[in-house]
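Read the structure below first, then the notes.
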Amino acid sequence: MESTTITDDLDNAPESPLAALKRNFEEMPPNRRLLLMIGIAAFVAIIIGSVIWSREPDYKPLFSNLSDRDGGAVIESLQKLNIPYKMAEGGGAILVPANSVYDARLKLAAQGLPKGGTVGFDLMDNMKIGVTQFQENVAYQRALEGEITRTIMAISSVESARVHLAMPKETVFVRDQQKPSASILVNLHPGRKLNEEQVDAIVHLVASSVPEMPPKSVTIVDQDSNLLTGEKKKNPFGLDSPEMEYTLGVEQTYVKRIENILAAITGPDNVRAQVAVDIDFSEVEQTAEAYRPNPGPDQSAIRSQQTAETLGDGTGAAGVPGALSNQPPGAATAPITVSGAKPGSTPPIVPLHKEATTNYEVDKTISHIKKQVGAVKRLSVAVVVNNKISKDKKGKLISRPFTQQELTQVYNLTKEAMGFNGARGDTLNVVNAAFSKDGTEKEELPFWKDPALQALALSIMKYLLLAGLALYLLLAVIKPAVYKTLGIPTEAEVLAAALEAERMAEEERLVEEARIAEEERLAMEAAANAVEFDENGVPLRAGRVLDYEEELALFRQMVKDDPKIVANVIKDWVNRQ
């Protein structure tokens, strides 16, 4: 008896959700069961794919434009290092995860990769025993060319290079010795070029790497067959390129000065200036020696002075030597007595000749002048300013020309900015005109055409599409199937049941209102039928005459029930009158 009771209790126990799910799944039709399994599998696949896609690393270039040998060596090393990689479209670059770029480059650099498609002195490590002297010389020359190539490729502007060395054979005869030479082909990056200092640096680098190689024996050519050494410094017209570059630099300096000072008045992009500079590049050294007219004695410096005097007593021979001087003396006469002289005293000495010579310093000026190279000889400046742009009361842009006073201010500012010098022949012309819109101005793109914003929107749309597809599978396929399997009504079914119940309640309410209205109508008809009329047509109810309110209610009911009869009665009344 007890065992029977226990068995009955187990049979009547509630079924677990898992058992109910299993039973309902087994009772489902095969096509619905297959649809449910496909939906669940698709949902799981979308979730897993979204997770993998979101976790996929951002790949960036590790190396690009590698040779086949270097590319294979780099890929082999990446495989050994367990670093994921993939090739870019077209095979032009090797891509690795962004967070592994620098680590991979350091590890590959430790292995000497990439080698740049050239071999260096590492070629000598693989020399076999028993090679000939010629093979050793060839290997040494290849290694030296490879090392020079690697050094040249370290320059930022050089993408790749080829070096050819011409190494003459050594000889014991001095007259037969030849100097080595080098020919270099450089492939520059797009938009790059080598200036003169870089070319000279490469020439001296190569000349210093090869013994007894003079710098003039190094020839450098770029990928466009342009000779970068030798006579390349002179253009075909014989003009000096540095002089032209200097002139252009001076002109641009004046243009910037003028535009910067006028931009405060006209606004940016509303002024254009052009400057033509005449520069003197001649090297002149001048030495001048100038003499001034002799000044007076009191204004000159005495260089030397000589004075000579000849003295005598008057008794000696005098006169000019000759025949007359040699004649015998004449008759004796009494001597002339000088007043104040004592008798028997010696006569005084009387000067006969006196000379004075004075030498003055010569007044001269010696000047040595060396003129500065690159001096500005003349400036010619042309300036065009745009009309003033302003807004009217309605916010519309209007353009108006400069007044004469404003144009004069612009002219004076330009003169000060350029350092106007009328003595050297400078010219300046300022014109005010409206700038034409030729379409060369860069049009500002709207924000929805921004490439970065478009890329972000595309990425968001991808994620939203995946989320929408997963949500559709979950709500439209998997959830109804699971609810159907478990016997749980879905929200749509609950809503439909609620709407059906509401509709039925509304129908019952309408039926009840119709029943009540019908009962009221029947009651009113019964009340109307209960009214009687005497022989005079006076309405009676229960043997008594109706009062005014009852008669009014009776007539209203009659008008409502049968308005045609009332209309006929009123018409008959009108005809009687």
- Protection proxy ranking, peptides 255-267, 281-293, average beta carbon neighbours within 10 Å, highest first: 255-267, 281-293
- Query: With θ set to phi - 60° and the Karplus curve 6.51 cos²θ - 1.76 cosθ + 1.60, what are the ³J(HN,Hα) couplings of segment 67-84 in order, to the nearest whole Hz, using x for Gly and Pro?
  - Reply: 6, 4, 5, 5, x, x, 5, 5, 5, 4, 5, 5, 5, 5, 7, 6, 9, x
- Based on the mean of other Cβ atoms within 10 Å per residue, sort peptides 459-472, 377-390 so the most packed one is first. 377-390, 459-472
- Query: Which order do peptides 495-502, 100-107 fall in by mean Cβ count within 10 Å, highest first?
  - Reply: 100-107, 495-502
- Calculated FRET value between VAL131 and VAL250, using beta carbons and R₀ = 41 Å, to 0.05: 0.10
- Query: From the backbone phi of segment 269-282, what are the Karplus-calculated ³J(HN,Hα) couplings (6.51 cos²θ - 1.76 cosθ + 1.60, θ = phi - 60°) in whole Hz, Gly and Pro given as x?
  - Reply: 6, 10, 9, 10, 9, 9, 10, 10, 10, 9, 10, 9, 9, 6
- Message: Let me check against my output: what whole-number percent is the relative contact order of segment 139-218, with C-alpha pairs under 8 Å and at least 6 apart?
- Response: 28 percent
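A short reminder: the numbers here are calculations on the coordinates, not readings from a lab. The shown structure was predicted, so the numbers you read here are calculated from the model rather than taken from an experiment. Note that we place each Cβ from the backbone using ideal geometry, even for glycine, and neighbour counts take in every protein chain shown.
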